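To start, the structure itself, in structure tokens.
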Amino acid sequence: MLTRIQSLYLFLAALLAFGSMTQPFWLFQSSQTILFGDFTQIQGASVIVTAFSMAGGIFSPLTGIVAIAAIFLFNNRKLQLQLILLCILLFAGDIFSGLIAAHFLNEFLHTGGTAVTHHPSNGFFMLLPEPILFWLASTGVKKDEKIATAYKRL
């Protein structure tokens, strides 16, 4: 189980998913610095910003939990592939919820009339390698399935 390379890929993706929760997703600078991340509430911001921030806070740990669960399903490769696909969908939900929340927060800060600069922060960059790791894990599972099928023919 732990000697398979896809277990390493899934474990690294889970670490990145859990780690992205601890880092700010987007950084806004105006008269003050706003670190925007999972479960961040900005005073006066719209409900959309808060809702998508909460959604990102839910998608991140779910991605990590499902990735960890997929490691232990090495005997059921079909279910393991389905969980990896679910991880990719959860990743997409996480990144899009963060981007949508950051966009609406940017719009809110611009309505205040102050000059605002913004850029992605550590939490965003921690999420980016996840789909590659999930793809590598799925190719490893498919290779194992191919080996197991060839072994059954003998």
For region 1-25, the count of residues that are in a loop (DSSP other than H, G, I, E, B), modelled with pLDDT of 85 or more and of a type in the set (S, T, N, Q) equals 2
Collect the residues in region 73-113 that are under 20 Å from the mean Cα position of the chain (by Cα), within 15 Å of residue 4 (Cβ to Cβ) and not β-branched (Val, Ile, Thr), keeping them in residue-number order.
80, 81, 83
Might you let me know whether region 90-107 holds any residue that is of a type in the set (Ser, Thr, Tyr), without any contact (Cβ under 8 Å) to a residue 40 or more places away in the chain and under 29 Å from residue 43 (Cβ atoms)?
no
Determine whether residue 144 is in contact (Cβ under 8 Å) with a residue 24 or more places away in the chain and either touching a Ser or Thr at 6+ places or on another chain (Cβ under 8 Å) or part of a loop (DSSP other than H, G, I, E, B) (or both).
no
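Pick from 28, 52: which is in a strand (DSSP E or B), surrounded by 16 or more Cβ atoms within 10 Å (Cβ to Cβ) and of a type in the set (Phe, Trp, Tyr)?
Details: 52 fails: in a strand (DSSP E or B).
Just a single option satisfies the conditions, and that option is 28.
The values are calculated or read from the model by the stated rules, or taken from the named source; none is laboratory data. Just so we're clear, the structure is a prediction, and the values are computed from it rather than from any experiment. When we count neighbours, we look across all protein chains shown, and the Cβ atoms used for this are built from the backbone with ideal geometry, even at glycine.
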